[in-house]
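To start, the structure under review is shown below, and the notes come after it.
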Amino acid sequence: MKKIAFIRSIDIKQAEPTISQLKNDFIKNNKIDFKIYYSGNKLDDPSLSENIETFDKNIKIEELAYKIFKWKPDLVVSISLPDNNAVRDAVLKEYLYKKYNIKMVMHPIKSTLLLGNKWDTNFWLRSMNFNTSNAIHISSEMINNLHNNYEDYKYYFDAISTSISNMKKPLFVKPLRNSMSIGVKVFNDDKDIIDYIYKNKDQDYIIEEKINGQLYGMEALIKNKNIFFQPLVKKCSLEGGALMPFGHLRYGNIVIDNDIYNKITKQITEITKKLKLQGSVEFEFIVEKKGFKFVEINPRISGMTNLSSSISNINTFSWLINSNITKKNINKKINDFIIAEIPLDSVSENFYKNYKKLKKVISIQNVTYHNGEKSWKALFKGKSLEKIYLYINNLQKKGDIKIPLNIKKEFEKELFF
């Protein structure tokens, strides 16, 4: 029997649909024992208690490695997010192999650090001739120098002001290393940007031009030269709305222009080879009328892993194990259904207890995100996005769920505009 160890560092309930499918299907059928080393919030799922070993989030790498070594796993797989935990897992990978000869599915440290830094990612993509947004980097060190010695450093602000005056509005101001769009602001006025970065001087920022088009995400799963593309997911939002991705409608399977899709997968393959990526990585890009531009590359599993796995019928975690251990072919047909991930304001107790009996409801979770925000989210399936919309509206009329207003507007924008 093979033994697989997973590393996880935020609310495990976010990954519950994918983990449950893994446990009840792949793990059972392949006689695999697994354990999740977990440093997130209090575990509320009793069905996983026997598979969980907790560790403190501030644990030293050598202590975590020894804790894993004592269990003698055949393979360790990173399923951590956000980016700071991905960096920890990249370090853990190298330590486990050098100290205990234990292999871990994770990206190299150098690549993980690069992709966890929005400016480094943007600069690297442009240097390699991949399309991405026009951007500049704002140094907190220089801004702090301005606070302390304005006369000697005022020209730095002149450089920033001149640069952003030549950039197309609106502009995104993003903290350099934060994940999940936390702290991202949108500005139309140059002075507002200058005021904001001057007042919030304790971290670096990247300022990017907005790219016109539709935002999509795609997970790529990599084992050496073998790469599997999970289906395209469309990420919806409203102009001026909150940018936290979990607060928006996301759905797939999406079909786009075949030439553009082939260029996307070709370039993703090139990027994974250049950076020697191994494991799961999420690519975000804007699709325009005649092409596309990369927005971000997240060196880890993503917040849409549950959705991607449901659409493709290929569990991301199962694929990562299979490609490294069992080597069996996983051939499953992509769902004919549209599957949508929908945040909910509330779910009735009775509906939550009985939703598993409904064919159109894949999962419902009450989760805590890594910024402390709590939310309900659910996966629904239907023959079309319109049928899903009609179905959830009917559930709301019956009092089973409450749908956020922005989600209704995003549905309507997708369906009617």
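The values are calculated or read from the model by the stated rules, or taken from the named source; none is laboratory data. Values in this document were obtained by computation on a predicted structure and should not be read as measured data. In this analysis, Cβ positions are derived from the backbone assuming ideal geometry, glycine residues included, and neighbour counts consider all displayed protein chains. For the accessible areas, the whole protein counts, side chains as well, though only heavy atoms, and no ligand, DNA or RNA atoms are used. Shrake-Rupley method; radii C 1.70, N 1.55, O 1.52, S 1.80 Å.
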Check your understanding: When you scan segment 390-405, how many residues do you find that are open to solvent by 20 Å² or more (accessible area, probe 1.4 Å) and closer than 18 Å to residue 307 by Cβ?
Key -> 1
Review point. Any residue at all in segment 132-143 that is under 30 Å from residue 195 (Cβ atoms) and acidic (Asp, Glu)?
Key: yes
Exercise for review: Answer yes or no as to whether residue 256 is open to solvent by 10 Å² or more (accessible area, probe 1.4 Å), in contact with a strand residue (DSSP E or B) (Cβ under 7 Å, 6 or more places away or on another chain), of a type in the set (A, V, I, L, M, F, W, C) and in contact (Cβ under 8 Å) with a residue 12 or more places away in the chain.
Suggested key: yes
Check your understanding: Could you list, in sequence order, the residues of segment 28-56 that are modelled with pLDDT of 90 or more, open to solvent by 40 Å² or more (accessible area, probe 1.4 Å) and in contact with a Ser or Thr (Cβ under 9 Å, 6 or more places away or on another chain)?
Key -> 54, 56
Review point. If we keep just the residues of segment 123-137 that are open to solvent by less than 60 Å² (accessible area, probe 1.4 Å) and touching an Asp or Glu at 6+ places or on another chain (Cβ under 6 Å), which is nearest to residue 174 (Cα to Cα)?
Key: 135
**Study point:** Within segment 269-293, considering residues that are closer than 19 Å to residue 252 by Cα and among the hydrophobic types (A, V, I, L, M, F, W, C), the one surrounded by the fewest Cβ atoms within 10 Å (Cβ to Cβ)
**Key:** 286
Point to revise | Subset of segment 393-417 [in contact (Cβ under 8 Å) with a residue 24 or more places away in the chain, assigned to a helix (DSSP H, G or I) and closer than 30 Å to residue 184 by Cα] | key: 406, 407, 409, 410, 411, 413, 414, 415
**Study point:** Options 13, 57, 23: the member that is within 25 Å of the chain's Cα centre (by Cα), in a loop (DSSP other than H, G, I, E, B) and not hydroxyl-bearing (Ser, Thr, Tyr)
**Key:** 57
Study note, to complete from the structure: Contact list, first residue from segment 131-142 and farther than 7 Å from residue 204 by Cβ and at pLDDT 90 or above, second anywhere and of a type in the set (D, E, K, R) and part of a strand (DSSP E or B), beta-carbon distance below 6 Å, six or more apart or interchain, is 131/293; 132/293; 133/208; 133/209; 134/209; 135/208
